[in-house]
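Notes to accompany the following structure.
Since every read-out is calculated from the coordinates, none of them should be taken as a lab result. In this text, all values refer to a predicted model and were calculated from it rather than measured experimentally. Here Cβ is always computed from backbone atoms with ideal geometry, including for glycine, and neighbour counts include all displayed protein chains.
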Amino acid sequence: MTRSDLVEELAARFAQLTHRDAELAVKTVLDAMSEALVRGHRIEIRGFGSFSINRRPPRIGRNPRSGESVQIPEKRVPHFKPGKALREAVDAGTALANVKTHA
């Protein structure tokens, strides 16, 4: 699902929302989540999952072309951990898909 798919779904489910309003709502939510992660905050959405920041320590890597060692600096990267309800729903959907393909 893309961002525009999400806007379309929101506009379709709520007739009182115009396409422009749905687009603004999606943009506002995603911007707020991005800003929270940039500030180092954790985002928790019950039943869906949580977003946090993981620290990747500095390390020595290799340039694949030359084989020389390269210093890779520390990074902060976003991390998503699905909630129990989402994990179970995805697993049930996977099990259902396997039954349909093997039947």
Review point. How far, in degrees from 0 to 90, does helix 3-13 lean away from the longest principal axis of the Cα atoms of the chain, to the nearest 10?
Key: 20 degrees
Exercise for review: Would you please name the trypsin sites (Lys or Arg not before Pro) within the range 61-90 that are DSSP coil residues with at most 16 other C-beta atoms within 10 Å of their C-beta?
Suggested key: 65
Check your understanding: Taking H as built 1.01 Å from N, whose amide H comes closer than 5 Å to the amide H of residue 49, not counting residues under 5 places away?
Key -> 83
Review point. Placing +1 at every Lys and Arg Cβ and -1 at every Asp and Glu Cβ, with all other atoms neutral, what dipole size does the chain have around its Cα centre, in debye to the nearest 20?
Key: 580 debye
Practice item. State whether the range 1-49 is rounded, prolate or oblate according to the following rule on the C-alpha gyration tensor (a ≥ b ≥ c being the square roots of its eigenvalues): a/c under 1.5 gives rounded; otherwise a/b larger than b/c gives prolate, and the remaining case gives oblate. Key: prolate
Practice item. Once you've got the GNM for the chain with C-alpha springs shorter than 10 Å, pick whichever of 17, 30, 86 has the biggest mean-square fluctuation. Key: 17
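For a test of the definition: using alpha carbon positions, the gyration tensor, and the 1.5 limit on a/c, classify the chain as rounded, prolate or oblate.
oblate
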Study note, to complete from the structure: Ranking 19, 4, 61 by how far each Cα lies towards the positive end of the charge dipole of the chain (+1 on Lys and Arg Cβ, -1 on Asp and Glu Cβ), the top one is 61
Exercise for review: Find, among the chymotrypsin sites (Phe, Trp or Tyr not before Pro) in the range 9-99, those assigned to loop by DSSP (not H, G, I, E, B) with at most 15 other beta-carbon atoms within 10 angstrom.
Suggested key: 14, 48
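The chain: longest stretch without exposed GluC sites (Glu not before Pro) (DSSP loop, at most 16 other Cβ within 10 Å), sites themselves excluded?
1-67
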Check your understanding: How far is helix 19-38 tilted off the main Cα axis of the chain, in degrees rounded to 10, range 0 to 90?
Key -> 30 degrees
